[in-house]
Amino acid sequence: MGDDGFAAVDAYLDGLFGGDDPALAAALEHADAAGLPAINVSPNHGRLLQVLVLACGARRVLELGTLGGYSAIWMARALPPDGRLLSLERDPRFADVARGSIAGAGLADRVEIRVGRALDTLSDLERDDAGPFDMVFIDADKEPYAEYLQAVLRVSAPGTLIVADNVVRGGAVAAASDDPAVTGVQRFNAALAAESRVAGAVIQMVGAKGHDGMALAVVR
Ligand code: SAH
Ligand code: DHB
Ligand code: MG
């Protein structure tokens, strides 16, 4: 089965589970109209993130990499009414697009987007003792993923679920590479495997967006 078959299965699953509702579809339309790249998670993987928020009973979720707010909407919907999602985004224009879509989804009171480089914002969060978060979704630029892991651990506590997107990259992680995004996630995967403070695993995923994977780790 190749990419067409993977996309067909995603379409089948979207048919069963519902795929995008109007607010999620609108978020993708706004992002497209504003020229944002279509590198959001798929509907099926958004649904997985939602299940993970519920599985760990998260009240406080941190996201690195907002883009147009698509994954943020999936996760924020699984929060209890007093739950909060903080999403970090470098590009102020992307953050504005996301804020509009999140408000359109009725989630403006649950989601805050903070603009800046994620490593800087993470330092601020640590300094301000803003943690611990119950779940963290790492999905910003790939080169500093290993540094993101260390920074995220400083705003985590035992039981925090850390999820990281795009750690397989079409299988490119299995061979030597000079692509900085690939070497970035290779460094992340190695650091996760060696990190005694977490129990982690990486799973390969296929679907409408091809072959990639997510890391899942729980802080001991
Ligand atoms: N989570 C989103 C997709 C995120 S794409 C979704 O699934 O819907 C990656 C995002 O990370 C982009 O919006 C990009 O602008 C942002 N980004 C890249 N480098 C960053 C950095 N250093 N700090 C914060 N955000 C960054
Ligand atoms: C890229 C980033 C992502 O977060 C993603 O899900 C897919 C691709 C990228 O930068 O190429
Ligand atoms: Mg991603």
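Would you check if I162 is under 30 Å from D82 (Cα atoms), away from ligand 3 (no atom under 16 Å from the Cβ) and open to solvent by less than 20 Å² (accessible area, probe 1.4 Å)? It is false that I162 is under 30 Å from D82 (Cα atoms), away from ligand 3 (no atom under 16 Å from the Cβ) and open to solvent by less than 20 Å² (accessible area, probe 1.4 Å). The condition (being over 23 Å from Q50 (Cβ atoms), open to solvent by less than 70 Å² (accessible area, probe 1.4 Å), within 14 Å of ligand 3 (Cβ to nearest atom) and at pLDDT 95 or above) is satisfied by just one residue among V168, V185: V185.
Would it be correct to say that Q150 is touching a Gly at 6+ places or on another chain (Cβ under 6 Å), among the polar types (S, T, N, Q) and either more than 16 Å from ligand 2 (Cβ to nearest atom) or open to solvent by 50 Å² or more (accessible area, probe 1.4 Å) (or both)? The answer is no for Q150. With respect to the conditions (1) more than 16 Å from ligand 3 (Cβ to nearest atom); (2) on the phi < 0 side of the Ramachandran plot; (3) in contact (Cβ under 8 Å) with a residue 12 or more places away in the chain, G57 falls short on a single one, namely (2). Residue pairs whose Cβ atoms lie under 8 Å apart, sitting 6 or more positions apart in sequence or on different chains, and linking a residue in the range 66-79 that is among the aromatic types (F, W, Y) to a partner that is within 7 Å of ligand 1 (Cβ to nearest atom) and not in a helix (DSSP H, G or I), are Y70/N40; Y70/V41; W74/V41. Among the residues making up the range 191-209, those that are open to solvent by less than 60 Å² (accessible area, probe 1.4 Å) and either touching a Cys at 6+ places or on another chain (Cβ under 9 Å) or at pLDDT 95 or above (or both) are A191, L192, E195, V198, A199, G200, A201, M205.
Give the residues of the range 2-17 that are more than 11 Å from G207 (Cβ to Cβ) and touching a residue at least 12 places away in the same chain (Cβ under 8 Å), sorted by residue number. Within the range 2-17, just F17 meets the criteria.
Which condition number does A33 fail, the rest of (1) open to solvent by 10 Å² or more (accessible area, probe 1.4 Å); (2) of a type in the set (A, V, I, L, M); (3) within 16 Å of ligand 2 (Cβ to nearest atom); (4) at negative phi being met? Going through (1) open to solvent by 10 Å² or more (accessible area, probe 1.4 Å); (2) of a type in the set (A, V, I, L, M); (3) within 16 Å of ligand 2 (Cβ to nearest atom); (4) at negative phi one by one, A33 breaks only (3).
The values are calculated or read from the model by the stated rules, or taken from the named source; none is laboratory data. It should be emphasised that the depicted structure is a prediction, and the values quoted were computed from it without experimental measurement. Glycine also receives a Cβ, built like all others from the backbone with ideal geometry; neighbour counts cover every protein chain displayed. Just the protein is used for accessible areas: all its heavy atoms, side chains included, with ligands, DNA and RNA removed. Shrake-Rupley method; radii C 1.70, N 1.55, O 1.52, S 1.80 Å.
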